[in-house]
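**Student:** Below is a structure I'd like to ask you about.
The values are calculated or read from the model by the stated rules, or taken from the named source; none is laboratory data. What you see is a predicted model, and the numbers here were worked out from it, not measured in a lab. Here the Cβ is made from the backbone with ideal geometry for all residues, glycine too, and neighbour counts use every protein chain on show. What goes into the accessible areas is simple: the full protein's heavy atoms, side chains included, and nothing from ligands, DNA or RNA. Shrake-Rupley method; radii C 1.70, N 1.55, O 1.52, S 1.80 Å.
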Amino acid sequence: MGALERSQTNSNSMQRVKVYRLNDDGKWDDQGTGHVTVDYMERSEELGLFVIDEEDNETLLLHRISSDDIYRKQEDTIISWRDPEYSTELALSFQEATGCSFIWDSICSVQRNLHFSNLSNEAFHSVNSELRELPAVELSTLPLILKTVVESGIADQMRLTELLLNDQDFFRKLTNLFRVCEDLENIDGLHMIFKIFRGIVLLNSPQIFEKIFSDELIMDIIGSLEYDPEVPHPQKFRNFLKEHVVFKEAIPIKNPLVLSKIHQTYRVGYLKDVVLARMMDDSMVASLNSIIHANNATVVTSLKDDSTFIQELFARLRSPSTSDDSKKDLVYFLHEFCCLSKSLQMVHQLRLFRDLMNEGIFDIITDVLQSQDKKFVLTGTDILILFLNQDPNLLRTHVVRQEGFPLFGLLVKGMVTDFGDNMHCQFLEILRNLLDTYALSGVQRDTVIEIFYEKHLGQLIDIITASCPTESFKSAKKIEGAVEGLGDKNGVKPEILSNICELLCFCVLQHPYRIK
């Protein structure tokens with residue numbers, strides 16, 4: 001098969017690159033955009049890099065891979081080298097980091113074999129060199145399928161990936177065969193199927209991941225990976241997912257695509273962190289993280305564009321008939337929803353947070369901060385920090401309004417409340433952000449600072465003075481009952497006093513005139 005034909009079957013985004021050549025003026029000239037493969041050079045047993053133009057299928061680059069240490073990987077998406085044949089610097093800029101990692105690993109593998117053997121041997125000639133089609137999926141052919149998958153050389157992996165993608169029934173038949181082997185307790189067959197699926201996963205193809213992570217196949221894929229021959233007893237991955245993982249809908253989600261993506265995201269995360277943890281490299285981690293990121297973006301986009309869903313969420317949060325447990329579940333969902341919004345483009349993130357502010361999210365957080373459940377309170381502060389990271393002016397605008405004063409007071413109270421092991425640096429971070437004069441406009445600055453100095457600074461000063469030995473008895477009477485949950489005013493935690501001092505030092509720098 002010629003290089004031109006090969007390129008036409010592998011035109012996916014993972015292989016998409018720009019080719020650059022360094023000119024005599026020391027500047028990089030763009031030679032065009034195409035798709036890169038590692039394959040045998042024509043009428044040769046030497047392996048090379050082929051880049052075929054994506055528009056006219058012309059060869060943009062043909063480079064024989066050298067055993068010399070001439071290649072450099074820059075950042076996550078660039079491979080460069082000095083071509084000894086043409087005495088010039090060349091570079092490939094990849095569209096995706098996973099594609100760059102794959103080609104880089106391929107170059108390194110070629111170089112290792114060049115160092116330790118002659119190219120005339122069969123280091124890169126595997127059983128798949130003349131692979132035309134996949135073996136039939138039957139119990140008797142499992143050894144041949146296994147040999148086909150795990151003995152693929154670098155040049156054959158692209159062909160194997162193509163055949164797997166073009167065969168509509170291969171994965172379904174293989175998972176059906178897995179069920180048969182499991183029913184018959186055919187351990188040898190289960191071990192072979194484990195190795196087959198492990199080899200397929202290690203191809204690290206986004207298109208294959210899209211197939212095997214579908215709702216129809218993913219649980220059987222996870223089941224097949226329970227039978228690792230190197231582990232004495234089968235794992236219990238499916239049992240954990242079915243019996244110990246409970247999907248709790250704080251509010252019903254009616255969109256089946258959203259539900260499917262939520263379930264898939266959890267399962268892919270479980271695969272990444274547990275099932276495949278021992279066999280993953282950086283490029284595969286990046287591929288699975290990319291799937292999770294894309295799913296999160298789909299879920300958040302679908303939910304934020306459903307106005308009835310958002311309205312129903314806040315209606316339940318505000319309803320006096322909603323039980324405390326249900327309200328907690330709704331707030332935890334809201335926190336997760338805000339966290340997932342990081343998957344959106346920046347402009348859509350900002351629009352979502354503004355919509356949540358207009359729906360009254362800060363009033364909801366004000367109620368949350370008055371809870372006796374300290375874990376629940378800290379969830380509320382986490383949501384506020386997400387808003388500050390996105391657009392601090394949204395929270396400041398709320399605080400300068402009259403209804404925002406209770407929220408400010410609750411933040412100060414939170415900073416001087418003992419949260420046990422979960423200390424409360426969140427409160428300090430939020431207050432410093434609100435009092436940052438360099439980030440405030442004139443009206444906002446004056447109002448926020450006025451609220452803090454008139455209503456709350458004295459309370460913090462009293463706690464500091466009450467903790468000083470010589471002043472403790474005088475000051476204790478002043479602040480008696482001022483701060484709930486502190487108990488003995490002489491027993492204030494050092495972490496609380498440290499946070500108060502840090503905030504006051506911040507105020508000295510920010511408002512030197514006012515704090516006098």
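**Student:** Can you give me the relative contact order of the stretch 15-123 as a percent, contacts being Cα pairs under 8 Å and 6 or more apart? Could you put the intermediate results ahead of the total?
**Tutor:** Values: 197 pairs, mean separation 27.0, N = 109.
Answer for the stretch 15-123 is 25 percent.
**Student:** If the only charges are +1 at each Lys and Arg Cβ and -1 at each Asp and Glu Cβ, what is the size of the charge dipole of the chain around the Cα centre, to the nearest 20 debye? Walk me through the numbers before you get to the answer.
**Tutor:** Numbers: 52 positive and 77 negative charges, 446 e Å.
That gives the chain a dipole magnitude of about 2140 debye.
**Student:** A follow-up question, please. Over the chain, what is the relative contact order in percent, taking alpha-carbon pairs closer than 8 angstrom and at least six residues apart?
**Tutor:** Relative contact order here is 7 percent.
**Student:** Dipole of the chain (Lys/Arg Cβ +1, Asp/Glu Cβ -1, origin at the Cα centre): which of ILE451, THR88, VAL38 lies farthest to the positive side?
**Tutor:** ILE451
**Student:** Distance between Cα centroids, the stretch 261-299 to the stretch 84-114: provide it in whole Å.
**Tutor:** So the two Cα centres are separated by 26 Å.
**Student:** Probe radius 1.4 Å, ligands and nucleic acids ignored: give me the carbon and sulfur share of the accessible area of the chain as a rounded percent.
**Tutor:** Values: 12750 of 26210 Å².
In the chain, the share of accessible area belonging to carbon and sulfur is 49 percent.
**Student:** Would you please classify the overall shape of the stretch 205-269 from the alpha carbon gyration tensor, given that a ≥ b ≥ c denote the square roots of the eigenvalues, rounded means a/c under 1.5, and beyond that prolate means a/b larger than b/c while oblate covers the rest?
**Tutor:** On the way: a/c = 3.40, a/b = 1.49, b/c = 2.28.
Oblate shape, in that a/c is at least 1.5 and b/c is the bigger or equal ratio.
**Student:** Can I ask one more? Please give, to one decimal in nm, the separation of the simple spin-label points placed at GLU85 and ASP29, each 7 Å out from Cα toward the Cβ.
**Tutor:** 1.8
**Student:** Give the longest segment of the chain that steers clear of chymotrypsin sites (Phe, Trp or Tyr not before Pro) in DSSP loops with at most 16 neighbouring Cβ atoms within 10 Å, not counting the sites themselves.
**Tutor:** On the way: sites that count: TYR86, PHE247, TYR513.
Here the longest segment lacking exposed loop sites spans 248-512.
**Student:** Which value at 222 nm does the chain reach when only helices count, each DSSP H run of 4 or more adding -39,500 (n - 2.57), with the total divided by all residues and rounded to the nearest 500 deg cm²/dmol? Walk me through the intermediate numbers first.
**Tutor:** Working: 22 runs with 276 residues, N = 516.
Helix-only estimate at 222 nm: -17000 deg cm²/dmol.
**Student:** Along the charge dipole of the chain, which of HIS348, SER109, GLY99 sits closest to the positive end, that is, farthest toward it, with unit charges on the beta carbon of Lys, Arg, Asp and Glu (+1, +1, -1, -1)?
**Tutor:** Positive-end residue among those listed: HIS348.
**Student:** On to the next question. With unit charges on the beta carbons (Lys and Arg positive, Asp and Glu negative) and the dipole taken about the Cα centre of the chain, which residue among SER283, GLN235, LEU139 sits farthest to the positive side?
**Tutor:** Most positive-ward Cα: GLN235.
**Student:** In addition: Within the stretch 226-335, which trypsin sites (Lys or Arg not before Pro) sit in a loop by DSSP and count at most 16 neighbouring Cβ atoms inside 10 Å?
**Tutor:** Working: sites: LYS236, ARG238, LYS242, LYS248, LYS254, LYS261, ARG267, LYS272, ARG278, LYS304, ARG316, ARG318, LYS327, LYS328; in loops: LYS236, LYS248, LYS254.
Listed in order of number, the matching sites are LYS236, LYS248, LYS254.
**Student:** Can you work out the accessible area per residue across the chain, with the rest of the protein chains kept in place, probe 1.4 Å, in square angstrom?
**Tutor:** Details: 26210 Å² over 516 residues.
Here the per-residue accessible area is 51 Å².
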